[in-house]
Amino acid sequence: MGMDMSRYWNPVMETLPPEKLKELQVKKFRRIFDWAYNNSPFYRALYKNAGIEPGDIKTMADIKKVPKIDKGMLRDVQSREPFPYGDMLAVPLSQVTEFRQTSGTTGTPVYQADTWQDWDWWAECWAYILYSQGYRDTDRFFLPFGYNIFVAFWAAHYGAEKVGCEVVPGGVLDTEARIMKMKELRCTAFGATPTYVLGMADTARKIGIDPRSIGIQRITCAGEPGASIMTTKQRIEEAWGAKLYDHIGATEIGAWSYMCTEQKGLHVNEAMFLVEIEDVETGELITEPMKNGKMIITAFDRRAKPCIRFDSKDVIRWADYTCACGRTFRMIDGGVVGRSDDITKVKGVLLAPTAIEEVVRSFIELSDEYEVVVTKKGDIDDIALKIEIMPGHESQKESILARLKDELRVRTNLGYKIEVHPHGSLPRYEVKAKRFKDMRQH
């Protein structure tokens with residue numbers, strides 16, 4: 001029995017033998033390095049200072065010598081010409097056709113320039129993602145996000161068109177109107193943050209519509225780790241009667257990772273990106289599976305504002321399994337585990353906020369919303385967890401809290417001050433939720 005090639009958007013790339021894939025990655029890295037050196041004043045100065053130039057990159061091992069960049073550098077160059085991107089730009093300003101900016105959740109927004117060719121590359125990255133998740137030209141894909149200056153699902157829109165889907169933009173509609181439109185048009189798929197997908201289900205029930213009756217078959221999430229957290233994923237799939245798929249991307253990087261129809265871990269699109277995982281303490285590259293480190297990433301084919309060895313601060317780990325889908329792209333386990341900025345010591349214990357989400361979302365008696373606030377009283381850390389109990393479960397409050405405290409201690413090795421808030425009173429989010437607040441640095 002031969003491999004079923006109909007499941008791949010690009011069968012050649014997605015099933016390339018690992019050694020061939022490595023050769024291609026070195027070739028593509030050299031190409032983008034040369035491009036940036038020759039066309040971007042910022043990159044040329046960075047590489048000259050490091051004593052590295054085109055011709056020095058011959059093997060995968062040589063890539064480690066190339067200096068990294070980070071978000072701080074991206075912000076700093078914006079004070080220079082050409083406005084508003086600075087001298088990182090590697091094309092004439094007249095070739096820039098797309099402006100996007102980061103959401104600003106980690107500080108001053110970064111402005112991102114793309115040429116038309118870059119934008120086509122974005123759509124191609126998304127075509128890999130959507131096709132692997134079962135999207136086909138028979139799908140009617142609803143996009144319930146505000147078409148804004150953030151990249152969000154902009155590129156998904158173009159990628160879905162490339163795959164042949166019928167795309168319904170739900171930009172300025174409110175949540176109720178979006179649900180009504182999805183039902184009216186019998187949409188088969190939609191994409192949003194996990195928080196908003198759960199919020200939409202909640203709104204649908206409030207207006208007397210069972211989300212499962214709409215006929216959604218697949219949902220693609222972005223922007224938060226939730227779709228790779230099993231308890232959150234289960235909640236969403238049960239609410240909508242649909243399959244949930246994760247994808248990871250960023251404005252300054254591109255759409256680099258995705259879950260396929262097997263729903264086991266996430267593939268790295270190694271035809272378009274080079275992902276390296278670095279030990280947070282030592283800076284050594286991590287090659288062994290199931291060991292957390294921060295991601296250093298290169299986008300091979302993005303020309304206007306190249307992304308070369310970008311320190312994303314996202315914490316990920318290589319998976320210790322492969323996928324039955326037959327793709328040779330390596331996999332990461334559990335999506336983005338957190339940000340190296342967020343993974344923090346509380347009472348001397350290393351805490352990843354995703355562990356709290358996994359516990360809270362496993363309690364059917366609790367609503368989808370919660371908030372974690374870390375403060376300091378004198379020398380002692382204090383960690384508060386705000387939750388909402390679902391209507392009809394209020395009488396079980398004491399047993400819910402006792403079980404929740406136990407489960408949190410087992411999973412995170414920490415004790416929490418748990419605050420119960422009235423149902424519906426915690427903040428609701430349409431885009432990225434900010435549920436973890438560390439107030440100790442303020």
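The values are calculated or read from the model by the stated rules, or taken from the named source; none is laboratory data. The structure presented is a predicted model; accordingly, all values stated were derived computationally and were not measured. Every residue, glycine among them, receives a Cβ derived from its backbone with ideal geometry; neighbour counts consider all protein chains shown.
Miscellaneous remarks
- Listed here are the strands (runs of 3 or more DSSP E) enclosed by segment 145-227 that have at least 3 residues being within 15 Å of Leu130 (Cα to Cα): 189-192, 218-221.
- Condition check for Met259: out of contact with any helix residue (DSSP H, G or I) (no Cβ under 6 Å at 6 or more places or on another chain) and either of a type in the set (Asp, Glu) or at pLDDT below 95 (or both): no
- Those residues of segment 49-68 which are of a type in the set (S, T, N, Q) and in a loop (DSSP other than H, G, I, E, B), in sequence order: Thr59
- Looking at Ala271, Ala255, just one residue is in contact with a strand residue (DSSP E or B) (Cβ under 9 Å, 6 or more places away or on another chain) and either within 21 Å of Thr220 (Cβ to Cβ) or among the hydroxyl-bearing types (Ser, Thr, Tyr) (or both), and that residue is Ala255.
- Residue within segment 50-67 that is in the same structural domain as Cys260 (by TED's automatic domain parsing), under 16 Å from Ala113 (Cα atoms) and hydrophobic (A, V, I, L, M, F, W, C) present: no
- Conditions (1) surrounded by 12 or more Cβ atoms within 10 Å (Cβ to Cβ); (2) under 30 Å from Asn148 (Cβ atoms); number of the one not met by Val420: (2)
- When Asp137, Asp118 are checked against the criterion of being at pLDDT 95 or above and either out of contact with any helix residue (DSSP H, G or I) (no Cβ under 9 Å at 6 or more places or on another chain) or crowded, with 16+ Cβ neighbours inside 10 Å (or both), a single residue qualifies: Asp118.
- Looking only at residues of segment 234-251 that are out of contact with any helix residue (DSSP H, G or I) (no Cβ under 6 Å at 6 or more places or on another chain) and part of a helix (DSSP H, G or I), we find that the one that is surrounded by the most Cβ atoms within 10 Å (Cβ to Cβ) is Arg235.
- Whichever residue in segment 407-432 is farther than 19 Å from Ile389 by Cα and of a type outside the set (Lys, Arg) and, among such residues, is modelled with the lowest pLDDT: Val431
- Entry remark, segment 171-181: residues being closer than 19 Å to Tyr158 by Cα and either among the aliphatic types (A, V, I, L, M) or modelled with pLDDT of 95 or more (or both) number 1 in total.
Matching residues to (1) more than 21 Å from Lys181 (Cα to Cα); (2) surrounded by 23 or more Cβ atoms within 10 Å (Cβ to Cβ); (3) touching a strand residue (DSSP E or B) at 6+ places or on another chain (Cβ under 8 Å):
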{"site": "Pro194", "(1), (2), (3)": "no, yes, yes"}
{"site": "Ala204", "(1), (2), (3)": "no, yes, no"}
{"site": "Thr220", "(1), (2), (3)": "no, yes, yes"}
{"site": "Ser228", "(1), (2), (3)": "yes, yes, yes"}
{"site": "Thr232", "(1), (2), (3)": "yes, yes, no"}
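- Complete set of residues in segment 408-442 that are hydrophobic (A, V, I, L, M, F, W, C) and not in a strand (DSSP E or B): Leu408, Val410, Leu414, Leu426, Val431, Ala433, Met439
- Some residue of segment 106-124 being of a type in the set (Ser, Thr, Tyr), in contact with a Ser or Thr (Cβ under 8 Å, 6 or more places away or on another chain) and either assigned to a loop (DSSP other than H, G, I, E, B) or within 20 Å of Thr175 (Cα to Cα) (or both): no
- Residues of segment 150-174 satisfying the condition of being in contact (Cβ under 8 Å) with a residue 40 or more places away in the chain and β-branched (Val, Ile, Thr): Val151, Val163
- Subset of segment 406-416 [of a type outside the set (A, V, I, L, M, F, W, C) and either free of Cβ contacts under 8 Å to residues at least 12 places away in the same chain or loosely packed, with under 15 Cβ neighbours inside 10 Å (or both)]: Asp406, Arg409, Arg411, Asn413, Gly415
- Those residues of segment 417-442 which are of a type in the set (Ser, Thr, Tyr) and in contact (Cβ under 8 Å) with a residue 40 or more places away in the chain, in sequence order: Tyr429
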